[in-house]
Structure formats: structure tokens, C-alpha cells
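Report on the following structure.
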């Protein structure tokens, strides 16, 4: 599904290298958690996967289903099935949430060679998905993310992910700012998207999220490299002991 080979990347503006020879494979059907201390490159990796122009790949490759996506812009990557849930979703005044969802869904369907949704079918799908995530219908009548709480913004992103049905879901610290109730709802939404033909990458600082979204594999990122990989028990080890020992072993 996702294969990252010897990836090197830097900030385009000043040339600061952030990712330094990163290798990672996430199979179809797998939920992979990426953990690491602040400044290790976790969010940078998510932005690079989505094709953000602030970063420049200088070496290596990113393959999705065996095909390189490095030359694709963010819209083309989205059409290929890449979805990034941001740590801090942005507000977009003037863009109605329902209109955004309808355009996004139909663009995805167009990329897959499918017919556009009729309005009744679109409304039916959105209502069903919103009910699952306990999203108040009033939210959907507002501009995208405008006036939403932190939890509402995260639920709105999981709603988008559910409706767009991506093949690669990248969640960048989606637990940030969530209380326990919101965390459980968001986690249930993510777990409902587990599928044999979908890969999910969960980027997080904390074991807390992984109590609800149980990963198949855990990878420790430090200074732009994966320095250790393991099972879900690795996350518990990090929660109990911190990163110092693993970093020392890798030095």
C-alpha cells in the first residue's frame, strides 16, 4: 500500500533538512502508529505525504500501491486516495460545509470513473455518516469549521474521511485538544474505516489515543528517521519509560 524509501526532505524556504533517510512500509489493512518526541519530523512527514509545497524531497521515493506519488500535486494525491486529517483544521469562512462535502465527494467519484451523486443520495450518505459521529445537523449548515470547537473540527474531518473513502488515511495528532468523550467518538469513526484495502497512519504523542485505535504496528521517529518498530506493546513501553532509552540505543 504505502512504501517510503530512503526519504530525505527539507523545508523549501531555508533548506533545513527534517527527514533524513526515512524508511517505512504500511500494508493494506494495517493501522500504523508513528510516535516520537517533539521536533522529530512527525507532522512534516504527514505534510510531505499530502504533497504540501513548503517541503522539498531531495532523495528517496514515496510509493502508493507501487506507484510513485512524488510528482503529483496535493489534488492529484487526493484523487489517488490520500487523505490528511490536520492537527489543527483550518476555518474556511464563506465555504458552506455541505457544499464542500458535495464537491469533494463528486471530485473523488469523478477520479474513480464513477457518476456524480444525486442530491438525495448525497444527503442520505451525509446524514448517516453524521449520525454515526454524533454530529449535530446544525454544524453542517455552517461555513466549514467556522465556530466549531476543537472536537467538532476533528469530527468534521473524520466525517470527510468517511465520505471520501480514501485508500490512505494520515491522521496528524488527531487527539490534540480532545476530551475523553470526543476522543472516543473520533476513534470509533476511525475504527469504522478499517478495511482490508485501506491503510491508516496515526501520528501521536500519546498512548491514550492508541487505547482506542489499537495499531498493528508502532514506529518511533527521531531526527527524521525510524529508529525502532514494534507491536502495540512498544507504545505502552514508551508511555511508561519515555524515549530516552530507545534514542540511546539508536545512537
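When the Cα gyration tensor is reduced to axis lengths a ≥ b ≥ c, the ratio a/c is 1.5 or higher for region 1-121, and with a/b above b/c it is classed as prolate. Report the relative contact order of the chain, percent, no decimals, based on alpha-carbon pairs under 8 angstrom and at least 6 residues apart. The value is 29 percent. Dividing the summed -39500 (n - 2.57) terms of all DSSP H runs of n ≥ 4 by the residue count of the chain sets its mean residue ellipticity at 222 nm at -11500 deg cm²/dmol. Between 235, 32, 75, the residue with the greatest mean-square fluctuation in the GNM of the chain (Cα pairs under 10 Å linked by springs) is 75. If you run the Gaussian network model on the chain, springs between alpha carbon atoms under 10 Å, then out of 65, 188, 54 the most flexible one is 54. Spin-label pair residue 75-residue 43: with each label point 7 Å from Cα along the Cα-Cβ axis, the two points sit 2.6 nm from one another. The stretch between residue 195 and residue 118 holds 25.1 nm of extra length on full extension. This uses 0.36 nm per residue minus the Cα-Cα distance. Using C-alpha pairs below 8 Å separated by at least 6 residues, the relative contact order for region 158-251 is 24 percent.
Taking a ≥ b ≥ c as the square roots of the Cα gyration tensor eigenvalues, region 167-236 comes out oblate, since a/c reaches at least 1.5 and a/b does not exceed b/c. In the chain, the longest principal axis of the Cα atoms and the axis of helix 180-192 are about 90 degrees apart. Pairs of Cα atoms nearer than 8 Å and 6+ residues apart set the relative contact order; for region 39-161 it is 27 percent.
Between 0 and 90 degrees, rounded to the nearest ten: what's the tilt of helix 232-241 against the longest Cα principal axis of the chain? Helix 232-241 sits roughly 60 degrees off the main axis of the chain.
Of 126, 186, 202, which has the largest mean-square fluctuation in a 10 Å C-alpha GNM of the chain? Highest fluctuation of the listed residues: 126.
Value of Rg to Rh for the chain, rounded to two decimals, is 0.96; Kirkwood radius and Rg both from alpha-carbon coordinates.
How far, in degrees from 0 to 90, does helix 150-164 lean away from the longest principal axis of the Cα atoms of the chain, to the nearest 10? Value to nearest ten degrees: 80.
Readers should treat all values here as calculations from the given coordinates under stated rules, not as data from a laboratory. Keep in mind that this is a model prediction, so the values were computed, not measured. We place every Cβ from the backbone using ideal geometry, glycine too, and count neighbours over all the protein chains shown.
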